[in-house]
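One structure below.
Every number here is computed from the coordinates shown, using simple stated rules; none is lab data. Everything quoted here is computed from the prediction, not taken from an experiment. Glycine gets a Cβ as well: all are built from the backbone with ideal geometry, and neighbour counts include every protein chain shown.
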Amino acid sequence: MFLGITLNNIMVSFNIFVSGVLTSFMPGYQLFQNGIMVGCFDTFFYQHGLLGESLLATMLHGTLELSAIVVAGAAGLAMGNGWLFPGTYSRIVSFQRGAKRGMKIVVGTVPLFILAGFIESFITRHTEINDFVRLTVILLSLCFVIFYFIYLPYKRNHYKHASRKT
C-alpha cells in the first residue's frame, strides 16, 4: 500500500508539472480541479458533522502531500510561462531554463511524497491516536513545509545576491 500511494502521488505531481508544456493554463487548471475535489470531500464531512475528525485524519499526510502537489504545479506554471513570456531569451531557451529549474523543484518534492505515503499508509488510519498528537504532527509538517519551500529558497537566493554585491 505504501509503495502504491507514494508512486501515485509522485506521478500526479509529475503530470501536473509536465502539463506546463501546454502553457501555464494546464497546471493551473489541474490545481484548480484538485482543489475542487478536496473542497467537495471536506464539504461532505462538514455536512455530516465530521469535518474536525476528517481534517485531523487527512491532514496528517495531506499537509506534506498537498503542499508538494501545489509546489509541483507552481513549477509547471513557471515552465509554461517560459513559452508565454520569454523575455530577452528565445522561446525555446526560456522554456528550457524554466523546465530545468522546475525539474529541480519537482524532484525536491519526492522526499515529501515518501514521508506522506508512509504517514498515509501506516498512521492516518489510526484515528484512535490522541488529537493533540495528530495536531502536533500536522503542525510540525506545516513548519517543515514552510522551512523547506519558503525559508530555505529565500535564504539561498538572498545569500546569492549578497555574495554578488561583495
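What the table shows:
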| item | result |
| --- | --- |
| Boolean, residue 76 is crowded, with 22+ Cβ neighbours inside 10 Å and in contact with a Ser or Thr (Cβ under 7 Å, 6 or more places away or on another chain) | yes |
| Evaluation of residue 142 against (1) touching a helix residue (DSSP H, G or I) at 6+ places or on another chain (Cβ under 7 Å); (2) touching a residue at least 40 places away in the same chain (Cβ under 8 Å); (3) surrounded by 15 or more Cβ atoms within 10 Å (Cβ to Cβ) (one fails), failing number | (3) |
| Residue list for region 82-119, restricted to those being surrounded by fewer than 18 Cβ atoms within 10 Å (Cβ to Cβ), within 20 Å of residue 153 (Cα to Cα) and either more than 21 Å from the chain's Cα centre (by Cα) or not β-branched (Val, Ile, Thr) (or both) | 97, 100, 101, 103, 104, 108, 111 |
| Residue check, residue 129 among the hydrophobic types (A, V, I, L, M, F, W, C), closer than 26 Å to residue 8 by Cβ and more than 22 Å from the chain's Cα centre (by Cα) | yes |
| Filter pass, residue 121 being under 16 Å from residue 16 (Cβ atoms), touching a residue at least 24 places away in the same chain (Cβ under 8 Å) and polar (S, T, N, Q) | no |
| Unmet criterion (only one of (1) within 20 Å of residue 8 (Cβ to Cβ); (2) part of a helix (DSSP H, G or I); (3) hydroxyl-bearing (Ser, Thr, Tyr)) for residue 46 | (1) |
| Residues (free of Cβ contacts under 8 Å to residues at least 60 places away in the same chain and touching a Ser or Thr at 6+ places or on another chain (Cβ under 6 Å)) located in region 86-118 | 86 |
| When residues of region 6-21 are limited to those that are in contact with a Pro (Cβ under 6 Å, 6 or more places away or on another chain) and among the small types (Gly, Ala, Ser), the one surrounded by the fewest Cβ atoms within 10 Å (Cβ to Cβ) | 19 |
| Candidate set from region 22-58 (those that are among the aliphatic types (A, V, I, L, M) and touching a residue at least 60 places away in the same chain (Cβ under 8 Å)); member that is surrounded by the fewest Cβ atoms within 10 Å (Cβ to Cβ) | 56 |
